[in-house]
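The values are calculated or read from the model by the stated rules, or taken from the named source; none is laboratory data. Note that this is a predicted model, so its numbers are computed, not measured. We place every Cβ from the backbone using ideal geometry, glycine too, and count neighbours over all the protein chains shown. Heavy atoms of the whole protein, side chains included, go into the accessibility calculation; ligands, DNA and RNA do not. Shrake-Rupley method; radii C 1.70, N 1.55, O 1.52, S 1.80 Å.
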Amino acid sequence: MQNKYFMLKHLLFSIVYISLSIVVTAQNNVTDKIIKNSGNIMSQSGSITGVIIDSLTGHAIEYSTVALYNANDNRLISGTISKQDGAFIIEKVSNGTYYLKISFLGYSDKIINNIRITRNKSIVDLKRINLTSASESLNEVVVDGSKPRIDYQIDKKVINVSKQLTTISGSAVDVLENIPSVNVDIEGNVSLRGSTGFTVLIDGRPSVLDANEALQQIPATSIDNVEIITNPSAKFDPDGTAGIINIITKKNKLQGFSGIVNLNIGLDNKYGGDVLLNFKKKNINMYVGMDYNKRSHPGNSFTENETYSNDTTFFTIMDGTNDRNFARWGMKAGFDYTINDANVFSVSGRYGNRDMDGSAVSVYDEWIEPSGVHNLYKSLENSDRGGGFYAVNADYQHKFKKEGHEIKAEFSVNHREFDENVLNMLVDSDQDTINGKNNLESGPGGRIRAKIDYVLPINKTSKLEAGWQSRFGRSRDDTKLLDLDTITGEYVIQDEYTNSTDYQRDIHAVYGMYAGEWGNLGYQGGLRGEYTYRNVSSVVQNQTTIIDRWDFFPTLHFSYKLPNDHQLMASYTRRIQRSRGWYLEPFITWVDAYNVRQGNPGLLPEYIDSYEFGYLKSFTGKNMMSVEAYYRVTNNKVEHIKSVYSDNIMLTTPENVGSDYSLGVEFLLSLNIVKWWNIDLMGNYYNYKVEGELNGTDFSNQRNSWSSRFNNTFNINKSTKVQLNSMYNGPSVTAQGQSEGYYMVNAAVRKDFFDRKYSAVLQIRDIFATAKREFSSSGDDFTSFGKYTRDAPVVMLTLSYRFNNYKDNRNSKQSDSMNVDEEL
């Protein structure tokens with residue numbers, strides 16, 4: 001088997017190498033033909049010049065930021081800063097249509113549209129460009145150059161996180177609460193269009209941590225944008241039932257030295273902060289950041305279980321309080337070196353630690369019918385989970401002479417440690433300890449990822465993309481169970497619940513894509529092939545499970561531009577959801593005194609077919625409306641199935657139960673109602689159906705559900721904003737039960753001081769304490785009900801300071817600092 005694996009791997013590498021060599025070698029011939037047939041296709045090198053002037057004084061404005069964007073896709077192309085006399089020049093600009101954004105602290109941003117570089121006009125002189133002071137009359141019409149709240153592209157939605165004041169002191173999980181297509185429950189579990197199966201990327205790279213754990217680790221203040229990719233192209237990994245959530249972190253690239261510092265503090269033992277420092281000079285950009293945050297989440301929980309055995313019914317009711325604490329810290333650094341106009345090299349890294357400890361005091365009432373005798377117990381639980389992690393990334397990008405023709409190589413190494421210690425004791429009414437269990441789990445995990453992406457423009461409207469990627473994953477999981485000897489008071493290891501599991505998963509992929517335009521129709525088609533070798537070995541049980549297979553994932557995307565800023569979009573993708581490591585463990589693991597879990601080494605991956613159709617309408621003033629219909633089919637659906645392990649002890653096991661179907665419509669309306677009031681209204685209505693059999697019994701279940709978000713931002717004046725958000729998460733169903741819906745209201749106030757160098761944000765989350773998690777399930781031999789609520793409202797205060805060392809402008813009365821970060 002190993003020989004077969006290595007032969008396939010080397011064959012795959014050879015195919016990719018030969019394919020890319022052929023494409024690169026043939027490119028010159030292709031380019032020559034294109035130039036002969038169409039002389040105006042070859043990109044020319046042009047320049048854009050101008051002088052930036054104060055509209056009132058007529059004085060030049062030094063150190064203004066000048067950014068050049070592609071008018072077709074809003075990509076940042078180049079940029080510079082103005083000199084002492086206000087003059088600037090951007091050179092080596094290829095043929096195309098662009099727009100400039102000019103900004104300086106104390107002035108309103110200026111947008112200059114329809115800048116065209118052509119063969120006949122390669123030099124564009126914008127002459128005098130007047131900037132208007134932000135302190136001038138509010139009645140004056142000023143072009144707003146800030147980023148839109150939500151930007152739709154052919155295969156993703158890009159959300160500008162700086163607009164979300166109510167989540168500024170939290171993590172990426174809190175940010176996602178106000179984002180289209182995403183739901184977050186009260187315990188911080190994230191779902192994308194109703195599915196918890198999705199992939200998390202950080203700056204385009206997968207994290208070694210699990211999805212929710214990775215999202216908890218990222219401070220909201222370090223996030224620039226969030227990309228929601230529900231139907232990714234063949235260029236992306238196909239992992240995830242519902243798609244990809246890509247977190248884009250802040251990496252300032254202003255000239256000189258700049259930075260931002262955030263501090264936060266709140267009720268119930270919540271505090272933290274982060275800092276980002278950036279230095280850029282000519283062709284070198286460096287940044288370093290640090291963060292620490294601690295969050296305490298006290299709450300209450302209630303469960304009620306009934307299990308049946310012959311003519312006997314076991315009842316267990318639990319009512320308790322708990323406190324979960326999350327402490328996370330991290331350091332990151334990066335270095336970008338622009339070797340020349342054609343070559344850029346980058347290296348970055350992050351090191352951190354996460355610690356999740358909790359305590360719970362619960363009262364249990366147990367009795368048996370027909371006996372009717374009640375036994376009261378108190379459960380005392382303490383848990384500690386976490387460990388360190390690091391990631392190192394290196395990128396190299398080469399741009400050929402032809403615009404858009406490039407090759408990019410990436411390499412990354414990730415590693416994480418994990419340790420878990422859970423101690424659970426049962427005390428009877430006489431305060432005697434009658435049961436004690438100590439669960440220990442530990443194990444390292446690591447991944448290596450290497451990839452090459454190649455882009456070859458065919459003409460102005462079409463391009464060919466191809467690439468290769470390899471992922472190597474290794475991890476080990478050691479579990480132990482110790483039972484309390486009530487006579488000696490010592491914990492004794494239980495050999496039958498002590499296990500070690502080794503995981504190996506290697507995935508090699510190649511992909512090809514072609515994209516183009518035909519009139520108003522944009523299209524993109526791709527195919528990705530992946531070879532997977534997975535080996536799960538249980539050391540103690542001497543059991544090995546191997547997967548050795550090829551999978552293929554086609555993707556299609558279309559967009560059609562209608563008159564007056566109307567646009568239609570459609571797409572299809574095939575995806576895969578691979579099982580997590582502990583889903584495959586073949587042995588019993590005790591969770592607490594009343595719950596055990598067992599993995600399933602024979603678990604099959606889920607395969608997903610996803611279809612989308614959307615309509616987008618843009619209005620003036622950054623107003624927009626979108627409607628998206630989607631249909632998703634999941635085969636080999638995995639559910640966590642409950643059953644009775646012993647008397648009143650429940651067993652949870654992942655099983656392939658059949659198929660599920662999601663059919664829904666998403667709606668988004670983003671409006672500037674008046675100059676001082678912006679709204680985002682989002683809604684999702686869908687039908688979810690699961691079909692299949694479990695232990696010979698049909699468990700088909702379905703339900704109509706909906707969720708909504710209503711975000712309001714009030715611009716009181718230039719330095720004060722108020723935001724009020726409300727959300728509703730509707731009920732959902734599983735193969736064995738359902739969860740109920742809930743709503744929540746959040747509010748925030750932001751105040752800027754001293755020319756926006758300082759700002760303060762006061763936020764209140766879950767104002768009316770209405771958030772909850774309520775669920776029920778049932779089977780042939782049990783029924784179960786549970787409810788969890790947290791202490792609310794959650795009150796936080798965040799203070800921010802922005803700085804840099806730019807020199808005073810001798811010809812201007814403005815501040816000596818530039819605005820490093822337009823919004824938090």
Report the charge-dipole magnitude of region 755-796 in Debye, nearest 20, computed about the Cα centre from +1 at each Lys and Arg Cβ and -1 at each Asp and Glu Cβ.
380 debye
Backbone HN-Hα couplings from phi across region 647-661 [Karplus 6.51/-1.76/1.60, Hz, Gly and Pro as x]:
6, 9, 9, 9, 10, 10, 9, x, 9, 7, 10, x, 9, 10, 9
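Tally up the carbon and sulfur contribution to the accessible surface of region 719-772 as a whole percent, 1.4 Å probe, everything protein left in place. Present the calculation step by step, with values, prior to reporting the outcome.
Numbers: 1390 of 2150 Å².
Accessible surface attributable to carbon and sulfur in region 719-772 totals 65 percent.
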For the chain, calculate the relative contact order in percent as a whole number, restricting contacts to Cα pairs under 8 Å that are 6 or more residues apart.
10 percent
Which one, Tyr292, Ala409, Phe389, is farthest towards the positive end of the dipole of region 279-431 when Lys and Arg carry +1 and Asp and Glu -1 on their Cβ?
Ala409
For region 566-705, size of Cβ-based charge dipole, Lys and Arg +1, Asp and Glu -1, in debye
620 debye
Provide the gained length on full extension for the span Asn717 to Asn623, in nm with one decimal, where the gain is 0.36 nm per separating residue minus the Cα-Cα distance.
31.8 nm
Lys pairs in region 643-756, Cα-Cα under 30 Å, at least 8 apart or on separate chains: how many?
5
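Among 502-508, 209-215, what's the highest-first ranking by average C-beta atoms within 10 angstrom per residue?
With the highest mean Cβ count within 10 Å placed first, the list reads 209-215, 502-508.
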Spacing of the two label points (7 Å from each Cα toward its C-beta) at Thr196 and Lys282, in nm:
5.4 nm
Diffing region 89-104: the Karplus 3J(HN,Hα) column from phi (6.51, -1.76, 1.60, θ = phi - 60°), in whole Hz with x for Gly and Pro, holds 8, 10, 9, 6, 9, 6, 4, x, 10, 9, 9, 9, 10, 10, 9, 7
What's the Kirkwood radius of region 404-452 in Å, using all Cα pairs?
15.4 Å
Kindly rank 114-120, 292-298 from highest to lowest mean number of other beta carbons found within 10 Å of each residue.
292-298, 114-120
Which value, in Å to one decimal place, does the Kirkwood hydrodynamic radius take for the chain when every pair of different Cα atoms is included?
29.3 Å
Please give me the summed charge of the neighbours of Gly664: other residues whose Cβ is under 11 Å from its Cβ, Lys and Arg +1, Asp and Glu -1.
-1
Apply the Debye scattering formula to region 178-273, with a single equal point scatterer on each alpha-carbon and no solvent, then give log10 I(q)/I(0) at q = 0.12, 0.22, 0.24 Å⁻¹.
-0.47, -1.19, -1.32
Expressed in Å to one decimal, the Kirkwood Rh of region 302-372 from all distinct alpha-carbon pairs is 17.8 Å
In the chain, with Lys and Arg counted as +1 and Asp and Glu as -1 at Cβ, which of these residues, Leu201, Asn120, Ala760, has the Cα nearest the positive end of the dipole, that is, farthest along it?
Asn120
Other-chain or far-sequence residues with amide H under 5 Å of Phe400's (modelled H)
His405, Glu406, Ile407
Given a Förster distance of 25 angstrom, what is the FRET efficiency for Phe315 paired with Leu663, based on the Cβ-Cβ distance and rounded to 0.05?
0.05
Over the chain, the sum of -39500 (n - 2.57) across DSSP H runs of at least four, divided by residue number and rounded to 500 deg cm²/dmol, gives at 222 nm -2000 deg cm²/dmol
Work from the charge dipole of the chain (Cβ charges, +1 for Lys and Arg, -1 for Asp and Glu, about the Cα centre) and give the residue of Val275, Pro457, Asn648 farthest towards its positive end.
Pro457
Translational diffusion of region 558-628, µm² s⁻¹ [Kirkwood Rh, Cα pairs; Stokes-Einstein; 20 °C; 1.002 mPa s]:
130 µm²/s
With +1 on each Lys and Arg Cβ and -1 on each Asp and Glu Cβ, how big is the dipole of the chain about its Cα centre, in debye rounded to the nearest 20?
5420 debye
Beyond a 23 Å Cα-Cα separation, which of these cross-linked pairs lie in this structure: Lys157/Lys637; Lys110/Lys408; Lys101/Lys408; Lys250/Lys463; Lys156/Lys408?
Lys157/Lys637; Lys110/Lys408; Lys101/Lys408; Lys250/Lys463
At 1.4 Å probe radius, can you tell me the per residue accessible area of the chain in Å²?
45 Å²
log10 of Debye I(q)/I(0), alpha-carbon scatterers only, for region 343-418 at 0.12, 0.20, 0.21, 0.23 Å⁻¹
-0.64, -0.92, -0.95, -1.02
So in region 590-727, what percent of DSSP beta bridges are antiparallel if you round to the nearest 5?
95 percent
Could you state the number of Å between the C-alpha centres of region 584-608 and region 370-399?
16 Å
Neighbour net charge for Asn343 - beta-carbon separation under 12 angstrom, K R +1, D E -1
-2
In whole Å, how far is the Cα centre of region 462-539 from that of region 266-314?
24 Å
Could you go through region 566-573 in sequence order and give the Karplus-derived ³J(HN,Hα) for each residue, using 6.51 cos²θ - 1.76 cosθ + 1.60 with θ = phi - 60°, rounded to whole Hz, and x for Gly and Pro?
9, 8, 10, 9, 8, 7, 9, 9
If you take every residue apart from Asp323 with its C-beta less than 15 Å away from the C-beta of Asp323, what net charge results, scoring Lys and Arg +1 and Asp and Glu -1?
-1
Per Stokes-Einstein, at 4 °C and 1.567 mPa s, what whole-number D in µm² s⁻¹ belongs to region 720-767, with the Kirkwood radius over Cα pairs as the hydrodynamic radius?
97 µm²/s
How long is the gain from Leu797 to Asn269 if the chain were fully straight, where each residue apart is worth 0.36 nm and the alpha carbon distance is subtracted?
188.8 nm
In vacuum, with every alpha carbon of region 370-486 counted as one equal point scatterer, what does the Debye formula give for log10 I(q)/I(0) at q = 0.09, 0.12 Å⁻¹? Two decimals, please.
-0.55, -0.69
Taking a quarter of the surface of the convex hull around the Cα atoms of region 567-680, what do you get in nm²?
11.3 nm²
Over region 573-700, with every protein chain in place, what whole percent of the accessible area is carbon and sulfur at 1.4 Å, could you tell me?
57 percent
For Ser171, enumerate residues with amide H under 5 Å from its amide H, sequence gap 5+ or separate chain, H modeled in the peptide plane.
Ala220
